[in-house]
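Report on the structure given below.
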Amino acid sequence: MYLSVGVMIGSALVYAWTIKKGKRESWGMYALVMLISSVLSLLSIYAESDSVLADSEKIKRPQPSQEPIQQEYELSVDSLAIQEPYQVVVENRHLTKQELEALFTEAVRELEKVFLGENTSVDCITHPVNLTETLTEGRVSVRWSMDHYGAINLNGELQEDGISETGTLVAFTAVLDYEGVQQEYRFSAQVFPPEKSVKEQFYERLQEMLQSENAKMDEMFYLPQKINGYVLTWEKKKQQQPYLILFLGVIAMAGIAIGKKEDARKKQQLREAQLAAEYPQFLSQMSLLLGAGMTVSRAWERMVLTYENKGARPSSSKKKTEQPIYEEMRITYYQMKDGIGERRAYELFGERLRLQMYRRFATLLVQNLRKGTAGLHQILEKEMQIAMDEQGKSCKKEGGGIANPFITADDADACARHSDYHDSGDSKLSDLKGSQPYKEKT
């Protein structure tokens, strides 16, 4: 406002000066334009100030079929020293009694049309009916009941065993509901056995003729030659050896598939054993980086980049054995770089690894995203102690001298580290951290 007033006064003075000096066509036009603009600006400010309170006091409600309105306001209460933004939600307008009656009338008309489905009248129902759950574009919900569930089920399908040949009268009740206001609509329908296709009628007649032939006492059994005007041709089914060979081929393929599945299962077991062996070291590295003040995502990135720099990727000139845990970390790292949220990326990390310990670790990360990593460092240290204890128990079970094909070199190294860790007489987590091969330059 003050700017507009200043511009208006300045423009007026410049315009008056140009008239006095005879420079109206040069400077005077610019001054006149700015003068008019500043006047219009002031008028707009005054008009807005007069209408703010009036517009803010009332809001036109959305119509019943429209979505609620969310309006942002600047709320001011001088006596309470309040001046802050506030959001007001305006629900849609409720229907009047007359409008509600009109809505239910429209819903009933729609129900009568939808209910019939492929049928032409409620006096002759021979096809499934449509027991719709909503009407009038979803505004009105419908709940159905009937007095004869043996003739029609709640899916609208005809039950032939429960329908009389002369027809069965079924009473329907549809409870229409709109925002808690309910209205019942009752009607009846005459249900007849469902109409059968020509093929169904043919097989039904064939079965009757075969049963009739079986009931005879003759020595010979005669196959039907004609049914409902259709000529039947009967041939004995020939047994062919090529089919047996094909069957054996299918069995061979199934055997190969089972063998591949077993190989995949063994590889999965080897992978899970390696993941379990790497878990304490993985926790130690993460705990060290968090203890150094890094965030979880920054520590994650540091571990992945260090792993890649060691040449574990296929693109590296030096071929090295891939470590499953770091390969999974790489997937999670690049998922986050591609735009997947940090929380979802950690959840997918736990789901892919499937082992309970890694699911628990992923849950810890997700739970601490809201609180920050201040307490996560200590939690991971406790988790690492639990992992070391579980690994020690596993080493004792495998120490009986029986060769286990699922114990890898990483497992053996982990067991050796665990034994040295406990035999040293000092089980402080700081010493355990110091024994890890992973170190970062700070």
Legend entry - Out-of-range pairs (alpha-carbon distance over 24 Å; input Lys310/Lys337; Lys196/Lys226; Lys266/Lys393; Lys260/Lys310; Lys261/Lys393; Lys60/Lys97): Lys260/Lys310; Lys261/Lys393
Legend entry - Extension gain (nm, one decimal) between Gln182 and Ile340, 0.36 nm per residue minus Cα-Cα: 52.3 nm
Legend entry - Per-residue Cβ neighbour rank within 10 angstrom, fewest leading, Thr136, Thr120, Thr173, Thr18: Thr120, Thr173, Thr136, Thr18
Inset, instruction - Positive end of the charge dipole of segment 97-191 (Lys, Arg +1 and Asp, Glu -1 on Cβ, about the Cα centre): tell me which of Asn153, Val181, Ile163 has its Cα farthest that way. - result: Val181
Legend entry - Under 12 Å, Cβ to Cβ, from Gln367 - net charge with Lys/Arg +1 and Asp/Glu -1: +3
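Every read-out reported here was derived from the displayed coordinates using simple, explicitly stated rules and does not represent laboratory data. Values in this document were obtained by computation on a predicted structure and should not be read as measured data. Here the Cβ is made from the backbone with ideal geometry for all residues, glycine too, and neighbour counts use every protein chain on show.
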